[in-house]
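The values are calculated or read from the model by the stated rules, or taken from the named source; none is laboratory data. No experiment lies behind these values; they were computed from the predicted model shown. Cβ sites come from the backbone with ideal geometry, for glycine too, and all protein chains shown count toward neighbours. Ligands, DNA and RNA are excluded from the accessible area calculation, which covers all protein heavy atoms including side chains. Shrake-Rupley method; radii C 1.70, N 1.55, O 1.52, S 1.80 Å.
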Amino acid sequence: MPENWSPAELTVNEKNDALYSRTVLARLYTPVVIRFSHRFAWRVSNSVLHRNHREHIGQTHVTVGPGNGYFLSKVPADARLRTLHLLDINRTCLDITEARMRDRCEVHTHEQDALKPWPLADASVDSVDSHMVMHTFRGNSIHAKAALVAEAARVLKPGGRFFGCTILSEGTGIRKNWLARRLMAVYNGRKNTFSNAGDSADDLRAVLEKHFAPGNVDFRVDGCVGIWVVTR
Ligand SMILES: C[S@@+](CC[C@H](N)C(=O)[O-])C[C@H]1O[C@@H](n2cnc3c(N)ncnc32)[C@H](O)[C@@H]1O
């Protein structure tokens with residue numbers, strides 16, 4: 001990061017090939033981010049993320065921001081999944097996850113910003129997930145990132161599920177330990193890593209309730225992670 005970089009310089013989402021390189025995704029992402037940071041900094045149990053995938057994945061599924069495909073690769077073999085759409089701004093994330101999943105279902109990749117309209121028809125898929133992605137989108141608050149929720153609602157069939165989680169800075173129920181505060185400050189100061197200084201749990205719940213009926217929103221906070229399962 002150049003020393004004189006300021007967050008205001010990056011207002012739209014951009015690729016981050018250095019962070020999501022083949023080496024980082026294959027060797028570092030699982031031990032450092034999924035096994036260490038989830039547990040010790042953000043205080044979310046990976047068993048919750050595994051359960052989300054296991055219980056809510058449908059026959060035609062969209063994953064927004066698959067990373068290295070770790071959670072998808074652990075979905076039990078007898079799950080309903082038949083067709084998988086992967087949507088990601090970074091090509092390497094798509095390639096690595098496609099390679100991990102192509103033996104078990106039909107995989108389509110879409111290289112694009114998740115806040116732009118998705119190349120999928122209205123009411124065409126059974127489930128959508130987006131885990132640990134929203135906090136990386138540019139924007140001063142969750143409201144600036146609401147297009148993710150709006151697109152999920154648009155492409156889901158009635159009864160379809162949208163499930164996911166994101167790291168939040170503030171709001172009801174958010175608890176940040178020393179490590180979470182330290183890492184959030186570093187990642188928000190690093191170009192194109194986090195942008196969640198204005199993301200609140202209350203705004204996220206409100207955005208989910210705006211695009212899905214409030215009675216269909218299951219939202220909770222673990223540590224500083226907002227976790228949702230909503231039904232179309
Ligand atoms: C922190 S990783 C999470 C990976 C995975 N979901 C997991 O939980 O292990 C963030 C993912 O979101 C993707 N991503 C970041 N910004 C994006 C954007 N604007 N549009 C689409 N994908 C994006 C990254 O390329 C990466 O795959």
Selection from segment 180-232 of residues in a loop (DSSP other than H, G, I, E, B) and open to solvent by 60 Å² or more (accessible area, probe 1.4 Å) yields ARG190, LYS191, ALA197, ARG232
The condition from (1) more than 10 Å from the ligand (Cβ to nearest atom); (2) within 19 Å of TYR20 (Cβ to Cβ); (3) part of a strand (DSSP E or B) that THR166 misses is numbered (1)
Of (1) surrounded by 23 or more Cβ atoms within 10 Å (Cβ to Cβ); (2) over 24 Å from HIS50 (Cβ atoms); (3) within 14 Å of the ligand (Cβ to nearest atom), VAL149 satisfies every one except (2)
(1) free of Cβ contacts under 8 Å to residues at least 60 places away in the same chain; (2) among the β-branched types (Val, Ile, Thr); (3) open to solvent by 10 Å² or more (accessible area, probe 1.4 Å) all hold for THR97 apart from (3)
Residue match in segment 70-90 (condition: more than 23 Å from VAL12 (Cα to Cα), open to solvent by less than 10 Å² (accessible area, probe 1.4 Å) and not hydrophobic (A, V, I, L, M, F, W, C))
no
Of those in segment 13-27 that are open to solvent by 50 Å² or more (accessible area, probe 1.4 Å), over 17 Å from the mean Cα position of the chain (by Cα) and within 12 Å of the ligand (Cβ to nearest atom), the residue modelled with the highest pLDDT is ASP17
